[in-house]
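These notes concern the structure reproduced below.
The values are calculated or read from the model by the stated rules, or taken from the named source; none is laboratory data. If you're wondering where the values come from, they're calculated on a predicted model, not measured in any experiment. Every residue, glycine as well, gets a Cβ built from its backbone with ideal geometry; the counts of neighbours run over all protein chains shown.
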Amino acid sequence: MPRTRPLKAYRHFRELLKDKENTEEVFYIFEALPWKGSRAAAERFLTTPEGQAIRASEPFLPDLLDDHASLRKLPAGSVAHAYCDFMEREGLSAAGLVAESMKFRTGRYEFKDQFTWYLDRQRDTHDLQHVLTGYGR
């Protein structure tokens, strides 16, 4: 397990505050403050029949989340509309977060396993969580 490095996280957080568009800083912060329970959470989810069914059947979330035309067909006032409003207002895309993630990941680790799928799923729902919690950028 990588060690926690709060000073490194703080440095990158300060850089992020200077430029909120510099998404790369977020990945450095997460790297410096590793979620020690991530493997256990992934195992709890992926060892259930429901977890395996979701992993096997669910589409690639960024494609769904970036299809604002389809999301906007859902009722006004829905989470889908709030998500589209947030992403459009902030000039963000799910594909953009994936691209930043892949840039950061290059040369670090390249696993194609269920744990990576789980972490990618966490990444893919990140901006959706901003909407659900009311936490802006």
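Per the listing A99, A94, the residue uniquely small (G, A, S) and surrounded by fewer than 14 Cβ atoms within 10 Å (Cβ to Cβ) is A99.
Return yes or no: is K112 over 21 Å from E21 (Cα atoms), modelled with pLDDT of 95 or more, in a loop (DSSP other than H, G, I, E, B) and not β-branched (V, I, T)?
Answer is no for this residue.
Each residue in the range 31-44 was checked for being outside any helix (DSSP H, G or I) and small (G, A, S), and 1 pass.
Residue count for the range 1-19, restricted to those that are within 18 Å of G91 (Cβ to Cβ) and in contact (Cβ under 8 Å) with a residue 12 or more places away in the chain: 1. Residue-level check: of (1) within 18 Å of the chain's Cα centre (by Cα); (2) of a type in the set (A, V, I, L, M); (3) not assigned by TED's automatic domain parsing to the domain that holds Q122, L7 misses just (1). Checking R72, R44, R121 one by one, the residue that is charged (D, E, K, R) and within 17 Å of the chain's Cα centre (by Cα) is R121 and no other. Filtered by the rule that a residue be farther than 18 Å from A95 by Cβ, modelled with pLDDT of 90 or more and of a type in the set (D, E), the range 20-66 gives E43, E50.
Take the range 72-106 and flag every residue that is under 21 Å from E24 (Cβ atoms) and part of a loop (DSSP other than H, G, I, E, B).
G91, L92, S93, T106
Of the residues making up the range 17-60, those that are in contact with a helix residue (DSSP H, G or I) (Cβ under 6 Å, 6 or more places away or on another chain), among the aromatic types (F, W, Y) and within 22 Å of R5 (Cα to Cα) are F27, Y28.
Return the residues of the range 45-62 that are in a helix (DSSP H, G or I) and either touching a Pro at 6+ places or on another chain (Cβ under 8 Å) or exposed (fewer than 12 other Cβ atoms within 10 Å of the Cβ) (or both); say none if nothing qualifies.
Pass one, the range 45-62, residues in a helix (DSSP H, G or I): 45-46, 49-57, 61-62.
Those that are in a helix (DSSP H, G or I) and either touching a Pro at 6+ places or on another chain (Cβ under 8 Å) or exposed (fewer than 12 other Cβ atoms within 10 Å of the Cβ) (or both): P49, E50, A53, A56, S57.
Checking each residue in the range 1-30 for being part of a helix (DSSP H, G or I) and not hydrophobic (A, V, I, L, M, F, W, C) picks out P6, K8, Y10, R11, H12, R14, E15, K18, E24, E25, Y28.
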